[in-house]
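All of the numbers you see were taken from the coordinates with simple rules; none came from a lab. All values reported here derive from a predicted model rather than from experimental measurement. Note that we place each Cβ from the backbone using ideal geometry, even for glycine, and neighbour counts take in every protein chain shown.
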Amino acid sequence: MADTIAAMLLDRAGDTHLGLRTRERDWTWGEVVDESAARAAWATALREQFPDSPFHIGVLLANVPDFVFWLGGAALSGATIVGLNPTRGAADLAADIRHADCQLIVTDTAHSGRLRELDTGLGTDRVLVIDDPEYALLLDAHRVEPAVAPEVEPSSLFLLLFTSGTTGTSKAVKCSQGRLTRIAGTAVGKFGHERSDVEYCCMPLFHGNALMALWAPALAVGATVCLTPAFSASAFLPDVRWFGATFFTYVGKALAYLMATPEDPADADNPLLRGFGTEASPDDQSEFRRRFGAELFEGYGSSEGGNAATPDPDAPPGALGRPAHSGIAIVDPVSLRDCVPAILDAHGSVLNPDEAVGEIVDKRGAGDFEGYYRNDAADAERLRNGWYWTGDLGYVDQDGFLYFAGRRGDWIRVDGENTSALSIERVLRRHPDVIAAAVYGVPDPRSGDQVMAALEVAEPRAFDMTKFSQYLVSADDLGSKGVPRFVRLSRRLPVTGSNKVLKRELQQLRWRAAGDDAVYHWVGRRTDHRHPDYRLLTEADRNSLDGDFDRYGRGHYR
């Protein structure tokens, strides 16, 4: 296999196999390469305006063909693509553009208006608008034979991928051409990508999921990439059938949305063979396989890198597989000692979380992690004691299977005991009227934290909290510390552009009123977890809570 994305792309020159499809138009792989070459030549010409600055091209687009063509153009010319998230707020988007040193931005009319209002430091001459008539004329003026710039090598920085920022500040992950090429080769071997595949790209191209698990492997084998502008649960199956898709990628919340659509006996009448994603609940995975008749590969991964798990067909539900190699360990971040194996009950719940759950660490070192752009402090946080710290929690059971236990910020300490937000979310997502769930810690007026849940439901004010309480009582795999003290009901939870719930926004909001949301609190003794009584939180209740924080000397937490 080629050792750069540019060489991999050049291997497709003249290839008449379908390379890219939308509902409106098809391109062969050879045509994709030609379109990429034109953008490479145009970008190289524009670079003369900023020869001493980084060759960074921001792309602020939905999943449209030009995004793919600019990926190819950057690879051939040695430029770096900065995936810009259209769902970011104005201040955050401007900060991303400045932090990543974008010298050009490729966008469309729908987003160019936003850019004019932002302090990006770039003039209008540095913004290319793909649906402007002049764009096509200038592009045609740069039609050239495909070629790779002489400075392109495996170490050439190809992508800056901003992390989702679900629990903290977003950071720009560096990914070289060589690293993405290696990831593509690994994905081909793991998930069976082949030239006959038709790969449905419904996850955003500014995120590592679509690029690392779909676009790059499809390029490696010459499979067909099919684009939809954004994920839609209602459009998923019609698109899959229309394109004849055999493979797709997902994140957990997208799969939850899909499973919330009405079931049809004809769901399994589709061409899908398999999909790959992360953080879907075992129940959603099982239901997908049953309804749609396709296999799912639930894995562990991040834009930063690090292959922590190897799939194992004998793995129990919820397990990622086995540790990828002997250097993968579950470590207590305070003592730096390896955690003991987890003892699981009949429901798969961890009975010894304080001793068994820790951070997933690669003791062999950085591996494929190439660092964050202009963020030495974040690099140092990842690389401590000569080890690579993933920032994710996990545990290994007594049979040696590895499990994901949430992000480092997903560990809630209640009454001196650790509780996994991920485990609680899996219980809540099983409720038939819950579309999506997020669990996080909020301060307790006296000490520690309390569990709060945010549920996405069809109609917050009509949701039956009595039945919900009864459901919690009947859930044998919900521990006493996992019953939410507060419940927010929302028509739509805040999410990133890659459909991950923004827990940090929910945590900041806590139990305060917001829009049409309904917030309930559990009235009664905390120890009476088998009879939770939820009441709608009033303004008087909120004032009383504030008073409790002040009374116990924790006013700075409210």
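Worth a mention:
- Taken about its Cα centre, segment 369-415 carries a charge dipole of about 180 debye when Lys and Arg each add +1 at the Cβ and Asp and Glu each add -1 at the Cβ.
- Point-to-point label distance, ASP314-VAL144, nm (Cα→Cβ direction, 7 Å offset): 5.6 nm
- Ranking of HIS521, HIS207 by count of other Cβ atoms within 10 Å, fewest first: HIS521, HIS207
- Sorted by Cβ density within 10 Å, fewest first, the residues GLU425, GLU456, GLU48: GLU48, GLU456, GLU425
- Look at the dipole of the chain built from charges on Cβ: of ALA329, PHE236, LEU61, the Cα furthest out on the positive end belongs to ALA329.
- Spin-label pair ARG504/GLU355, simplified geometry with 7 Å Cα→Cβ offset, distance in nm: 3.5 nm
- Dipole orientation for the chain: of the candidates LEU493, ALA462, LEU137, ALA462 has the Cα lying most toward the positive pole (charges on Cβ; Lys, Arg +1; Asp, Glu -1).
- Compared with the alpha-carbon gap, the fully stretched path from VAL334 to HIS17 is longer by 108.7 nm at 0.36 nm per residue.
- By the Cα gyration tensor, the chain has an equivalent ellipsoid whose semi-axes, rounded to whole angstrom, run 41, 26, 24 from largest to smallest.
- When you count the other C-beta atoms within 10 angstrom of each residue and take the mean per peptide, 472-483, 71-82, 119-130 line up highest first as 71-82, 472-483, 119-130.
- Compared with the dominant principal axis of the Cα atoms in the chain, helix 65-77 is inclined by about 60°.
- Using alpha carbons only, the radius of gyration of segment 267-369 set against its Kirkwood radius gives Rg/Rh = 1.03.
- Residue pairs, from the table LYS190/LYS500; LYS174/LYS363; LYS253/LYS363; LYS363/LYS503; LYS171/LYS481; LYS363/LYS500, whose Cα atoms sit over 26 Å apart: LYS253/LYS363; LYS363/LYS503; LYS171/LYS481; LYS363/LYS500
- Three-way shape call for segment 415-557 based on the alpha-carbon gyration tensor, with the a/c threshold at 1.5: rounded
- Cα-based Rg of segment 309-409 normalised by 2.2 N^0.38 Å, two decimals: 1.10
- Nearest-20 debye value, the chain charge dipole, Cβ charges on Lys, Arg, Asp, Glu: 1220 debye
- Estimated FRET transfer efficiency when R0 is 25 angstrom, pair ASP546-ASP119 (beta carbons, to 0.05): 0.10
- Scalar couplings 3J(HN,Hα) for segment 259-274, obtained by applying the Karplus form with A = 6.51, B = -1.76, C = 1.60 to θ = phi - 60°, are 6, 7, 6, x, 6, 10, x, 8, 3, 6, 7, 7, x, 4, 10, 6 Hz; x denotes Gly and Pro.
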